[in-house]
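The values are calculated or read from the model by the stated rules, or taken from the named source; none is laboratory data. What you are looking at is a predicted structure, and each value in this text was computed from that prediction instead of being measured. Note that we place each Cβ from the backbone using ideal geometry, even for glycine, and neighbour counts take in every protein chain shown. Just the protein is used for accessible areas: all its heavy atoms, side chains included, with ligands, DNA and RNA removed. Shrake-Rupley method; radii C 1.70, N 1.55, O 1.52, S 1.80 Å.
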Amino acid sequence: MAAPSWRGAGLVQAVLRVWQVGPHVARERVIPFSSPLGFQRRCVSCVAGSAFSGLRLASASRNYGQGSALDHFLGFSQPDSSVTSCVPAVSMHRDEQDLLLVHHPDMPENPRVLRVVLLGAPNAGKSTLSNQLLGRKVFPVSKKVHTTRCQALGVITEKETQMILLDTPGIISPGKQKRHHLELSLLEDPWKSMESADLVVVLVDVSDKWTRNQLSPQLLRCLTKFSQIPSVLVMNKVDCLKRKSVLLELTAALTEGVVNGKKLEMRQAFRSHPGTRCPSPAVKDPNTLSVGNPQRIGWPHFKEIFMLSALNQEDVKTLKQYLLTQAQPGPWEYHSAVLTSQTPEEICANIIREKLLEHLPQEVPYNVQQKTAVWEEGPGGELVIQQKLLVPKESYMKLLIGPKGHVISQIAQEAGRDLMNIFLCDVDIHLSVKLLK
């Protein structure tokens, strides 16, 4: 079939047509500027006369998210928020990304550093929270489980502090890994990440009534083995709860009534608002259970509790500021221009897989193989991507293509939009579907 494609330029041009309502016409300028390694990178600046429809333009931009590449193209000022300010883009060139990762860190005189591991059950919202903390979407997010297949690293650098986020796959049991023929990385990576962690963030999806009442045995074993590492509890998706009093019951169960070595005052927890952390209690609990208790369903060694929605920037800002204060004096590991350790090709493959998971039913997306055939910079500075999607059954092929090619076109469009926001450049993406022989 003819490969569907999507170009970010079409989106920008469409918005520019909205902008051209005054006597002056918007002009596009391509401005080269140097990266810390001397590479030439590109940005787009749009200049127009004073008469333009600012409200209509802002409305069009909001469709693609605050702080998106479209905002950068159109020159909108970014919100005054530590979650979204000064967020570096990822280079489309693998050699530049590789060199940047090994480049000497440009740290200040008194640097501070913190390595944070995010742990939780599959689909608890770890990647969503990581993206919000980073201020740019670089990790795939889906409602289906096992979207994150291996450990991914993100870097937040603010003033003298560098925080390294390790987004891990959801913790699963060895039996489930064998039964569903899942990659070994899904089983091993969360444990490996703990070996270098300074702090652990345990994420619980409080909207999932089947799993929210207790921490999984695998997660508790991991916390027990690395009990010397400080941990905090993040109760995610609180916006999905119709009855907020559920948070009181869950807090008691997940912490065994103990926070920071002291008995939790439940009235305090109940009055806490989403996006704020529960006050540290004042009375010690003489009945704290031992770490080795086989009947344990919670963890009584959390230092703090946060109740939030990972989709809410203000909620995430509260958590982020707390994490930054936990950083200790020490050298940075990366240059401040580094956002993630992933290669551009890995980011692209993950984003396309995210769209496959969102648009295809049941087991179909897990059986699609991705092969990148072309990855190059076009004559206008755009990123040109051609990727082949290989499927084992003709029925899968029909589902992936969709009626009149609608499904594959939608996947290409959504992936192209996300990649434009990651690389801050125009993206020309072509997807083709082939049957495995």
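Probing with 1.4 Å while keeping every protein chain in the model, the per residue accessible area of the stretch 284-437 equals 44 Å².
Largest to smallest in accessible area, the residues Ile401, Ile422 fall in the order Ile401, Ile422 (1.4 Å probe, all protein chains included). Which pairs, out of Lys355/Lys398; Lys393/Lys434; Lys237/Lys320; Lys244/Lys317; Lys143/Lys317, put more than 19 Å between their alpha-carbon atoms? Exceeds cut-off: Lys244/Lys317; Lys143/Lys317. Among the listed pairs Lys388/Lys437; Lys159/Lys263; Lys144/Lys371, those whose Cα-Cα separation exceeds 25 Å are Lys159/Lys263.
Peptides 224-231, 211-218: what's the order by average Cβ count within 10 Å, highest mean first?
Numbers: 224-231: 14.0, 211-218: 18.4.
Result, highest mean Cβ count within 10 Å first: 211-218, 224-231.
Were the residues from Gln410 through Thr224 laid out at 0.36 nm apart, the gain over their Cα-Cα distance would be 62.5 nm.
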